[in-house]
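Down below is the structure, laid out as structure tokens.
The values are calculated or read from the model by the stated rules, or taken from the named source; none is laboratory data. Given the structure is predicted, the values throughout are model-derived calculations rather than measurements. Here the Cβ positions follow ideal geometry from the backbone for every residue, glycine too, while neighbour counts run over all protein chains shown. Only protein heavy atoms, including side chains, enter the accessible area calculation; ligands, DNA and RNA are left aside. Shrake-Rupley method; radii C 1.70, N 1.55, O 1.52, S 1.80 Å.
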Amino acid sequence: MDINNIKIAVIGLGYVGLPLMVEFAKKYPTLGFDINSERINQLRDGMDLMKDLSKSELQAAVLGSFSLDPDELKDYNVYVITVPTPVDKNNRPDLTALENTCQLVGKVLSENDIVIYESTVFPGATEEVCVPILEQFSGLKLNESFYVGYSPERINPGDKKHRLSSVIKVTSGSNEDAADFVDSLYQSIIEAGTHPASSIKVAEASKVIENTQRDLNIALVNEFSIIFHRLGIDTEEVLEAAGTKWNFLPFRPGLVGGHCIGVDPYYLTYKAQEIGYHPEVILAGRRINDEMGKYISQRVVKEITQKRIHVVDANILIMGLTFKEDCPDIRNTRVVEMAKGLEEYQANVDVYDPWVEAKNAKQEYGLDILSTPQPSKYDAVIIAVAHDCFKKMGVENIRNLCKENHVIFDVKYLFPLTENLKRL
């Protein structure tokens, strides 16, 4: 396929798809497709309510348009799929959105078209799950009538430094020609360059281990924090001391949620178990991190009890609901487990997060978000997310939200350790 005669359709306009569509649309005729009509209408009006791209950045997509009409996909010959790949309630890969998108693309696929996947999957999924669906619904044959590629997304929501074009992109294809095309396509928009993988499976595997490695490192320091608390040692002091060695990795304890670090390891463990191997280390790390919300709620209950504050009907404020700082993404946030853990003790729990739309929190988790916390109301405040706006508030303004006898629990090490301030 000639890169100068391509028309690209990016399917799925979330944190991954929208920045990709905008970059492509600076150089190539590009369609941004999504089944969410509200999202499409907002983007047509130049608004990204995910707060990832500004209006001027959206306007830079001079060759782009937005649609939710599947018939419009027929006019394109490169399909880039960026739909979500979560896990179900049993932590098994949920490929429903991916499979549905494969059916959609299969129905419009033409001779010599190419389909590129960016969605996170287990090694082998593109060729074992996606390709058969494309062949079934198109009547075409892989590497004879159409081609596929895989280039794992590396988007970090809320990160204004590591943007799409400034991060090296791994690329791969179903044969040598497809691999060369995919690599050339991404080289045309990625300033940092590309890293061609020898196969689609290698590219898929590289994605899941990127976040599995981070997950395990965070699990390790979470376990450190549990041990050091029982020993009466401040975890941050220990980590700072150890960090004076040149090769000590600067991870910190905390909650692990979101659509990547808390999900991707399960895609790898699923595939490992399918081939008869039980991955003990990865699953142990997942168990530790999944329990941290409950552990923190128990720690807070213990701290306020030691202050002779009655837990029943205690007023507790949780600052932050998103899975990470300075972004509105609440997918798979572990703050919810913390809130539920406190409510089990019959405490009154308020949640405050200026980054989150109240309707989204209500729809997703049944939580009511405060617009403004009430001064002098709280027996305890938990700083659960390191939003810059919370840091700018300062610990004294946060203390003003509390009663005279109170506890502030700083999950994210946002402030220096002082009286009435506790941390992991």
Right, Ile116: open to solvent by 20 Å² or more (accessible area, probe 1.4 Å) and of a type in the set (Val, Ile, Thr) or not?
-> no
Given Phe228, Phe251, Phe224, which one is free of Cβ contacts under 8 Å to residues at least 24 places away in the same chain and open to solvent by 10 Å² or more (accessible area, probe 1.4 Å)?
-> Phe228
Are any residues in the stretch 13-41 in contact with a helix residue (DSSP H, G or I) (Cβ under 7 Å, 6 or more places away or on another chain) and closer than 16 Å to Ile116 by Cβ, and if so, which ones?
-> Leu13, Pro19, Leu20, Glu23, Thr30, Leu31, Gly32, Phe33
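For the stretch 277-290, how many residues meet the condition of being open to solvent by less than 100 Å² (accessible area, probe 1.4 Å) and of a type outside the set (A, V, I, L, M, F, W, C)? So that I can check it myself, show each step before the final result.
So in the stretch 277-290, the residues open to solvent by less than 100 Å² (accessible area, probe 1.4 Å) come out as 279, 282-286, 288-290.
This time we only want the ones that are of a type outside the set (A, V, I, L, M, F, W, C), so: 279, 285-286, 289-290.
Selection size over the stretch 277-290: 5.
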Filter the stretch 314-333 down to residues that are assigned to a loop (DSSP other than H, G, I, E, B) and open to solvent by less than 10 Å² (accessible area, probe 1.4 Å) and give me whichever is nearest to Tyr345 (Cα to Cα).
-> Ala314
Can you name the residue in the stretch 235-248 that is loosely packed, with under 15 Cβ neighbours inside 10 Å and either of a type in the set (A, V, I, L, M) or touching a residue at least 24 places away in the same chain (Cβ under 8 Å) (or both) and is also farthest from Glu280 (Cα to Cα) among such residues?
-> Ala241
Would you pick out the residues in the stretch 366-406 that are in a helix (DSSP H, G or I), surrounded by 17 or more Cβ atoms within 10 Å (Cβ to Cβ) and either on the phi > 0 side of the Ramachandran plot or touching a helix residue (DSSP H, G or I) at 6+ places or on another chain (Cβ under 8 Å) (or both)?
-> Phe390, Ile398
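Determine if the stretch 190-201 includes at least one residue that is touching a Leu at 6+ places or on another chain (Cβ under 8 Å), in contact (Cβ under 8 Å) with a residue 12 or more places away in the chain and either over 22 Å from Ile383 (Cβ atoms) or among the aromatic types (Phe, Trp, Tyr) (or both).
Residues of the stretch 190-201 that are touching a Leu at 6+ places or on another chain (Cβ under 8 Å), as a first pass: 190.
Checking which are in contact (Cβ under 8 Å) with a residue 12 or more places away in the chain leaves us with 190.
Applying the additional criterion that residues be either over 22 Å from Ile383 (Cβ atoms) or among the aromatic types (Phe, Trp, Tyr) (or both) yields 190.
Yes, some residue in the stretch 190-201 is touching a Leu at 6+ places or on another chain (Cβ under 8 Å), in contact (Cβ under 8 Å) with a residue 12 or more places away in the chain and either over 22 Å from Ile383 (Cβ atoms) or among the aromatic types (Phe, Trp, Tyr) (or both).
Restricting to the stretch 223-270, name every residue that is part of a helix (DSSP H, G or I) and within 15 Å of Asn211 (Cβ to Cβ).
Residues of the stretch 223-270 part of a helix (DSSP H, G or I): 223-231, 235-242, 264-270.
Across the stretch 223-270, the qualifying residues are Asp264, Pro265, Tyr266, Tyr267, Leu268, Thr269, Tyr270.
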What number of residues in the stretch 48-74 are open to solvent by 90 Å² or more (accessible area, probe 1.4 Å) and not basic (Lys, Arg)?
-> 3
